[in-house]
1. Can you give me the Rg/Rh ratio for region 138-197, using Cα atoms for both radii and the Kirkwood formula for Rh?
2. Go ahead and run the numbers for FRET between ALA151 and VAL74, Cβ-Cβ distance against an R0 of 25 Å, rounding to 0.05.
3. Please report, in Å, the Rg and the Dmax of region 53-188, where both are computed over Cα atoms only.
4. Ranked from highest to lowest mean number of other Cβ atoms within 10 Å per residue, what is the order of the peptides 40-49, 70-79?
5. Can you check what the net charge comes to around ASP46, using other residues whose Cβ is under 14 Å from the Cβ of ASP46 (Lys, Arg +1; Asp, Glu -1)?
6. Using a probe radius of 1.4 Å on heavy atoms only, what accessible surface per residue do you get for the chain? Whole Å² is fine.
7. Can you quote the Å³ per residue value for the convex hull of the Cα atoms in region 143-239, rounded to an integer?
8. In angstroms, what radius of gyration and Dmax does region 25-67 have, counting Cα atoms only?
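The values are calculated or read from the model by the stated rules, or taken from the named source; none is laboratory data. Because the structure is predicted, anything quoted here is derived from the model rather than measured. Here Cβ is always computed from backbone atoms with ideal geometry, including for glycine, and neighbour counts include all displayed protein chains. Areas reflect the complete protein model, heavy atoms only, side chains present, ligands, DNA and RNA absent. Shrake-Rupley method; radii C 1.70, N 1.55, O 1.52, S 1.80 Å.
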Amino acid sequence: MTGSARRRTGDSRYGGRVPLVAAAVCPHPPLLVPEVAGSAAPELDDLRAACDTAVRRLLAPDPDIVVLVGTGPVTGPIRTPATGSLQPWGVDLYLPLVPGQSDRGALLPLSLTIGAWLLARHDTRPPVTAVQVAADAGPAELAALADEVGAAGDRVASLVLGDGSACRGEKAPGYDDARALPYDQGVAAALADADLDALLDLDPVVSAELKAAGRAPWQVLAGAARAAGGGWRGELLHDSAPYGVAYFVASWERV
């Protein structure tokens, strides 16, 4: 069956319309962009390659739209046109949310800027939209945003941007915290197993203390996956903390 036919008929395994068909989780350090990293770029080659694999898998089911989800100053949709900038990190590089948009428009937060950069590395891609979620967003906001992700199209793929704890060692941005490693191990296991309950159960207070920027976006993903129904298969493609910040890359598909 062609992609357009699937969009008309849905997927009979789940009784009709299936909003979320695939997801990918990637981190959003500015150093992921080689122009920002400079001579240190090779240090993140494995992470970059894992992100590319996750995005390729995200696009493989022929979604009719990709929704970027990442932290931002407020919770809600990003109105287009919108553009990300890497000027704060010393590189005069602008990344439009929608290729060919008429002007730069609103400024994307860092998480969605890196998401736009990751998508731009792939030539064939469907339309793109984005939502941002405040780091301290509560359950009601997260649930509403998850519904919005699912309602974005008939076949939605979501690229979710979020870092783990930033407290993995004395040189980490949040210094060293003994809770960071077990927290990150729990997140890695939940992403590997597509464990929705484990992600939804992440404590927002502990997550904030550990400076885990991915907590809210991961919970939006878990809510959207639950609302879509059916089963999910996850694969953890990368797990590291090279600068004291945990970086995860995961790929989710329906089963």
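1. Details: Rg = 15.4 Å, Rh = 14.0 Å.
In region 138-197, Rg relative to Rh is 1.10.
2. Values: r = 19 Å, r/R0 = 0.78.
With R0 = 25 Å, the Cβ-Cβ based efficiency is 0.80.
3. Gyration radius and largest Cα-Cα distance of region 53-188: 16.1, 49 Å.
4. Values: 40-49: 15.3, 70-79: 17.2.
Answer by packing, highest mean first, reads 70-79, 40-49.
5. Numbers: positive: ARG48; negative: GLU43, ASP45, ASP52, ASP239.
Local charge sum for ASP46: -3.
6. Working: 10900 Å² over 255 residues.
That works out to 43 Å² for each residue.
7. Details: hull volume 9.3 nm³, N = 97.
Residue-normalised Cα hull volume stands at 95 Å³.
8. Answer for region 25-67, Rg first and Dmax second: 12.4, 38 Å.
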